[in-house]
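All remarks here apply to the structure that follows.
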Amino acid sequence: MSNLFLLLAFIGSAAWAQEVPKARIDEAMKELVQMASDPRLVELVVSYNTNPPSEYVSMTNEAWSKLSSRDPLVKKLTQNEAAKLIRSQIKSYVSEAFLSDRKGGKVALLSKTSRWSHSGSPKHETPMSGKNWYGKPELDKSSGVNQVQISAPVLYRGKPVGSLVLGLSIVKLLGNE
């Protein structure tokens, strides 16, 4: 029965995505770029890149997947200064947000993501080339929400030092919730 639910959710997300006005996603991207350029956030990413906490240096996607959302390592990332700053700036249609360092590992997040590192994926690599990225509609594994992800570079002196990703709830973007 759960496979049927996932199939219906996927079909539903594809249909909703065609109805999401591009202007709404573009508006969210402008807000994301503004958030990613916040001097306090930039400073926190630069500091993290310079001196990453030892408990995260050897983190892998496999080890991350075994942690619960209540694990102290996860809680630190949801309660640190960068997470609080992001939380204070997001809109109600944001279903997920995470900040990554230059290597793709997490600096801050609103809730536990499905992966520790997004190194090698467009949501991190495109911003690390200095460009914004728009994803395709999907049922997100970690949040359970039909969403579209967008990301932007965190720039320090004009060079990317990290990426900021937002998941945008399709239902909330359409005003159906």
Inset, instruction - Quick one: which residues, 5 or more positions from Gly162 or on another chain, have an amide H under 5 Å from its amide H? H modelled 1.01 Å from N in the peptide plane, none for Pro or chain starts. - result: Val154
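Assign one of three labels to the range 74-152, namely rounded, prolate or oblate, based on the Cα gyration tensor with a ≥ b ≥ c the square roots of its eigenvalues; rounded applies when a/c is under 1.5, prolate when it is not and a/b is larger than b/c, and oblate otherwise.
Note, shape of the range 74-152 comes out rounded.
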Inset, instruction - Would you compute, from DSSP H runs of 4+ residues alone, the mean residue ellipticity of the chain at 222 nm, taking -39500 (n - 2.57) per run and dividing by the full residue count, rounded to the nearest 500? - result: -13000 deg cm²/dmol
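Could you put Val74, Val57 in order, starting from the residue whose Cβ has the fewest other Cβ atoms within 10 Å? Don't skip to the end; give the middle numbers.
Details: Val74 18, Val57 9.
The fewest-first ordering by Cβ neighbours comes to Val57, Val74.
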Inset, instruction - Based on a Kirkwood Rh over C-alpha pairs, give the Stokes-Einstein translational diffusion coefficient of the range 115-175 at 25 °C and viscosity 0.890 mPa s in µm²/s. - result: 202
Legend entry - Relative contact order for the chain, counting Cα pairs under 8 Å that sit 6 or more residues apart, in percent: 26
Inset, instruction - Set the Förster distance to 25 Å, then compute FRET efficiency between Asn61 and Glu31 from the Cβ-Cβ distance, nearest 0.05. - result: 0.30
Legend entry - Too-long pairs where the Cα-Cα distance tops 18 Å, listed order kept, from Lys103/Lys141; Lys22/Lys172; Lys91/Lys172; Lys75/Lys136; Lys30/Lys91: Lys103/Lys141; Lys75/Lys136
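Taken together, the values in this text are just the output of simple stated rules run on the coordinates, not laboratory data. Because the structure is a prediction, the values reported are computed rather than measured. Counting neighbours? That spans all protein chains shown, and the Cβs are built from the backbone with ideal geometry, glycine included.
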